[in-house]
Amino acid sequence: QVQLVESGGGLVQAGGSLRLSCVASGRTFSSAAMGWFRQAPGKAREFVAAISWGTGDTRYATPVKGRFTISRDYAKNTVYLQMNSLKPEDTAVYYCAAGYYSIVERGYSYWGQGTQVTVSS
């Protein structure tokens, strides 16, 4: 079993930066990858970024490519999402997930509670 706890969300002005963290505990070796998804009010949850736990290989959604960076600290069982040049359309609840290396929601078995990111104009 894997437990995930996100942190780092908050309110930031457009153009600013935030770094989200996701700490995994339990049988973390059972998951091949970690991913970040986000959901804005009235919209479906969408893929943001993913990283292979073992190799560090990454994937990004087009709207965040070049602005967001996903990384992991293997020793700390922690995955980060560095968000730069934030835009109001990035406002959403961000969720950390663990599963296999995928861009689709069904690929992930474990989910964190979510953390709110709000970007003001």
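Only beta bridges with both residues in the chain are counted; by DSSP, about 90 percent of them are antiparallel. Cross-link partners for Lys87 among the aspartates and glutamates, with Cα-Cα distance under 20 Å and sequence neighbours closer than 8 places in the same chain left out: Glu46. When you restrict to C-alpha pairs under 8 Å that are six or more residues apart and normalise by the size of the stretch 41-82, the relative contact order lands at 29 percent. Dipole magnitude for the chain: computed about the Cα centre from +1 point charges on Lys and Arg Cβ and -1 point charges on Asp and Glu Cβ, it is near 60 debye. When you count the other C-beta atoms within 10 angstrom of each residue and take the mean per peptide, 86-94, 12-20 line up highest first as 86-94, 12-20. The stretch 37-69 and the stretch 80-121 have their alpha-carbon centroids 6 Å apart.
Taking a virtual spin label 7 Å from the Cα of Ser52 along the C-beta vector, which residues in the stretch 76-106 bring their backbone nitrogen under 16 Å of it? Within reach of a label on Ser52, which here means backbone N under 16 Å from a point 7 Å along Cα→Cβ, the stretch 76-106 contributes 99-103.
Accessible surface computed residue by residue for the stretch 21-121, with neighbouring protein chains in place and a 1.4 Å probe, gives 49 Å² per residue. For the chain, the carbon plus sulfur part of the accessible surface works out to 49%, probe radius 1.4 Å.
The values are calculated or read from the model by the stated rules, or taken from the named source; none is laboratory data. None of these values were measured; they are calculated from a predicted model. Glycine gets a Cβ as well: all are built from the backbone with ideal geometry, and neighbour counts include every protein chain shown. Just so you know, the surface numbers come from the protein's heavy atoms only, side chains and all, with ligands and any DNA or RNA stripped out. Shrake-Rupley method; radii C 1.70, N 1.55, O 1.52, S 1.80 Å.
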